[in-house]
Amino acid sequence: MKLSIIIPYYKGEQYLRDCLAGIREGGYGDVEVMVCDDDPMDPRGTAFSRNRGLERCSGEYILFIDSDDYFLPGDIAAAMEVALKNPDSVTVTDLKGTFYCRDAVLRKTVPKPFFELDLPIAERVVGLIIPAGLIKGKNFPERLRYYSEMPFMAELIEKADFVHATGISYYKRIHNDPISFPSLMQEDSPVRLGQFCVSFEEAAGNAGVKGAQALAQCAGDHLAKSLMSDSEPAGLGQTSRVKAEDIPSLQKAIRCLDMGVIKNITDKGKRAILSALYDGNLKKARRIAKRILFKKKKKGLFGSKNQWRLAFYRKIALRMKVDKKLVFFESFNGDLCGDSPRYIYEKYLEINPAERKFVWSLKQKLPNKRKNTKYVKPGTLRYMLALARAGILVSNMRQPSWYVKRKEQFFFETWHGTPLKRLVFDMDEVYTASPGYKKIFYDQSRKWDYLLSGNPYSTEIFEHAFMLPKERIAQLGYPRNDRLNEGADDVLKKQLREKLGLPSDKKIVLYAPTWRDNRFKGSGDYEMTLPFDKGFASKVKDCFFIMRMHYFVSETDGLSEVFGENAVDMSGYDDINDLYLASDMLVTDYSSVFFDYAILGRPIVFYAYDEDEYKDELRGLYFDMERYCPGPVVRTQEELAKALNKDTDSYKPYLERYNLMGDFFRGPNDSKASERAVMFIEEKYNAK
Ligand code: C2G
């Protein structure tokens with residue numbers, strides 16, 4: 001029996017490739033695949049595209065797939081087996097939501113590859129195997145961009161039985177970039193709710209008992225979600241906010257249903273919301289939604305600590321006056337007092353043009369109390385107060401997602417490095433702990449008044465990677481590089497080695513790799529396996545290693561087993577500049593640390609043992625390492641050991657290569673970036 005597969009397609013080649021792979025490997029040979037043009041500018045919508053497929057297809061069974069969704073191997077054949085055993089019924093597959101490509105799900109390279117997706121059957125036409133006879137002459141209403149499935153499905157539900165193909169899944173791909181490439185369900189459109197009403201009315205008008213029940217379930221689900229929209233994970237789907245002016249059409253649509261049908265909705269909350277809207281009572285519906293949401297979030301009798309803290313932030317802290325003299329600093333989420341915010345702070349202490357006071361967010365207090373400076377611990381009430389009250393905020397990472405930018409505040413984002421690895425909107429796949437990362441990032445970065453850039457190369461990248469206009473990027477040089485640009489002599493090296501307790505008679509190698517997106521344990525917490533065998537240390541001559549793990553990495557195995565006495569872990573050390581200046585050589589991978597280290601003109605080795613995975617799957621890189629990196633790229637421990645044993649002169653050609661790129665990579669080398677940053681902040685803040 002022939003199966004006709006209808007796929008509306010507009011763009012997203014990489015998605016379509018996965019979709020077609022699912023069909024090719026679906027295990028069912030007698031298929032006809034129809035990829036139908038789905039031009040978003042065509043007002044007839046996806047309905048038109050599906051209808052064209054229906055008109056031309058010749059199979060005894062029909063399967064609709066969206067071009068960004070897919071099946072895993074053998075699953076189409078397995079679903080067809082169920083369909084052929086139940087020739088008059090519609091075969092339903094399980095619906096799974098996933099942020100990942102097919103390969104990641106198949107190879108399980110992400111800890112949570114998918115989740116159960118609860119989409120009411122009246123709204124879902126995809127992943128069903130439908131006997132063609134049941135829908136002969138039927139089509140989708142062509143004037144709707146959204147929800148054109150409802151009338152089609154309501155009729156089908158009335159007509160046919162639905163059988164479940166247990167254990168066979170249809171993977172609905174959730175786009176990780178709902179900003180520049182949203183799927184239909186992620187599009188934020190003012191006509192969404194209106195079209196829901198039109199489609200619902202049409203569907204309910206013709207529905208029998210079964211169809212009406214499915215529609216009621218669908219409306220309850222949909223409207224409850226709309227009224228509780230902040231409960232959706234970022235980037236998952238778009239729900240339209242219900243406003244007072246929507247009520248007449250919404251009420252008209254819902255009233256196409258019998259009250260008896262609404263009473264049959266199994267979920268109590270959804271039933272109550274729909275009944276309230278049936279009566280046109282939006283206030284009541286909102287109240288119920290709020291109550292459900294509160295219950296969902298509440299933990300224990302009085303709710304979770306976080307809830308109370310957030311309530312304090314919203315209801316109290318945000319109502320307090322902004323302290324125009326106060327500057328808030330944070331670097332690496334309060335893990336360290338380092339990076340550019342630290343150098344801007346130091347410059348402030350030195351020149352303080354407007355007699356400002358300072359507050360540092362730090363998980364641990366600074367050992368020495370500094371002038372006009374207080375410390376707050378991230379997540380505490382005092383932290384929330386500082387975030388709400390500071391006039392100026394300087395941070396090198398994203399602020400908390402709950403942070404509300406007040407109009408009197410000035411947010412200066414320094415970011416934390418010149419990128420080699422692709423960032424945010426330049427990444428294809430997102431394997432970090434939060435697959436909704438791009439959407440969250442977008443929302444957070446809209447609150448930055450200015451983003452600091454160290455050099456023209458970064459400015460160019462930040463523009464597309466963060467989707468920020470050039471006018472909001474302040475290319476002032478990197479404050480954290482001021483010290484490196486000052487130049488370093490052997491006296492300073494010696495002093496720092498003494499301070500850090502490092503041996504004076506060995507070559508000091510700083511190992512500072514980046515983190516791996518797919519090794520997460522929790523939010524901002526990743527593990528890392530040291531890429532060295534036990535025998536490695538014996539292959540290198542007279543080296544002492546400073547191990548400096550990325551601030552996201554809390555767990556590394558095997559340091560002392562490999563290096564014994566010849567290594568020290570300095571991952572918690574505040575200012576990595578000290579480690580740069582104290583060392584003779586850097587070993588890194590795809591981390592931005594090399595851009596800074598290259599300023600010193602000391603040898604760098606790129607130990608890219610997992611380059612293929614990193615480059616092709618995890619992140620992608622902005623340039624070819626072999627061609628542009630200021631040091632040899634090695635892949636094995638043997639190669640690394642050889643590189644470490646070479647003398648310094650052999651690295652000269654690489655550094656000359658870097659110098660040729662001059663200011664493009666390095667930015668100004670006058671050691672005045674901190675001063676420029678302070679003056680810039682003051683000027684812009686005062687002009688606000
Ligand atoms: N860092 C560090 N120790 C490491 C790695 C990084 O102290 N072992 C610090 C450096 O200051 C570095 C910054 O963290 O410049 C950013 O680290 P990256 O490894 O580059 O990674 P990430 O935090 O993902 O930042 O655009 C900048 C980056 O490419 C993205």
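Rule-based calculations on the coordinates, nothing more; no lab input. In this text the structure is predicted, and so the values were computed from the model without any measurement. Note that each Cβ is placed from the backbone with ideal geometry, even for glycine, and that neighbours are counted across all protein chains shown.
Just a few scattered comments:
- The lysines within cross-link reach of LYS642, meaning a Cα-to-Cα straight distance under 16 Å and a gap of 8 or more places when in the same chain, are LYS507, LYS539, LYS541.
- Förster-model FRET efficiency, 60 Å R0, GLU350 and LYS268, C-beta, rounded to 0.05: 0.40
- For region 1-186, with +1 on Lys and Arg beta carbons and -1 on Asp and Glu, the positive-most of PHE181, VAL90, SER67 along the dipole: PHE181
- Extension gain (nm, one decimal) between ARG56 and ASN306, 0.36 nm per residue minus Cα-Cα: 84.4 nm
- Each DSSP beta bridge with both residues in the chain is either parallel or antiparallel, and the antiparallel ones are about 15%.
- Cα-based shape type of region 1-102, given that a ≥ b ≥ c are square roots of the gyration tensor eigenvalues and the cut on a/c is 1.5: oblate
- Shown here: the chain, whose C-alpha atoms stretch 88, 60, 45 Å along the first, second and third principal axes, sorted largest to smallest.
- Gain upon complete extension [PHE115, LYS136; 0.36 nm per residue less C-alpha separation]: 4.2 nm
- On the beta carbon distance between ARG627 and ARG291, with R0 = 60 Å, the FRET formula returns roughly 0.50.
- Averaging the Cα positions of each part gives two centres, and for region 26-49 and region 62-77 these lie 13 Å apart.
- Distance between region 405-479 and region 116-143 - C-alpha centres, whole angstrom: 42
- For region 583-625 versus region 256-291, the inter-centroid distance based on Cα atoms is 57 Å.
- Only lysines eight or more places from LYS688 in sequence, or on another chain, were considered; those with a Cα closer than 17 Å are LYS321, LYS324, LYS325, LYS405, LYS407, LYS447.
- When LEU381, LEU423 are arranged by Cβ crowding within 10 Å, least crowded first, meaning fewest neighbours, the order is LEU381, LEU423.
- Per DSSP, loop GluC sites (Glu not before Pro) in region 382-487 with at most 16 further Cβ within 10 Å: GLU408, GLU486
- Extension gain (nm, one decimal) between LYS541 and LYS646, 0.36 nm per residue minus Cα-Cα: 36.8 nm
- Counted by neighbouring Cβ atoms within 10 Å, the residues CYS19, CYS256 run from fewest to most as CYS256, CYS19.
- Modelled spin labels at SER671 and GLU408, positioned 7 Å past Cα toward Cβ, are 3.9 nm from each other.
- Classification of region 535-637 by its C-alpha gyration tensor yields a rounded form. The axis ratio a/c (a ≥ b ≥ c) stays under 1.5.
- Using the alpha carbons alone, the radius of gyration of region 1-186 stands to its Kirkwood radius in an Rg to Rh ratio of 0.93.
- In loop segments of region 27-66 as defined by DSSP, the GluC sites (Glu not before Pro) with at most 16 further C-beta atoms inside 10 Å of their C-beta are GLU60.
- Equivalent ellipsoid dimensions for region 488-666 as semi-axes, Å, which come from the Cα gyration tensor, largest first: 22, 21, 17
- Filter on LYS296/LYS521; LYS85/LYS225; LYS315/LYS347; LYS493/LYS672 - keep pairs with C-alpha separation over 28 Å: LYS85/LYS225; LYS315/LYS347
- Residues GLU613, GLU201, GLU245, sorted so that the one with the fewest Cβ neighbours within 10 Å comes first: GLU245, GLU613, GLU201
- For the pair LYS377 and ASP37, a Förster radius of 56 Å applied to the C-beta separation gives a FRET efficiency near 0.50, rounded to the nearest 0.05.
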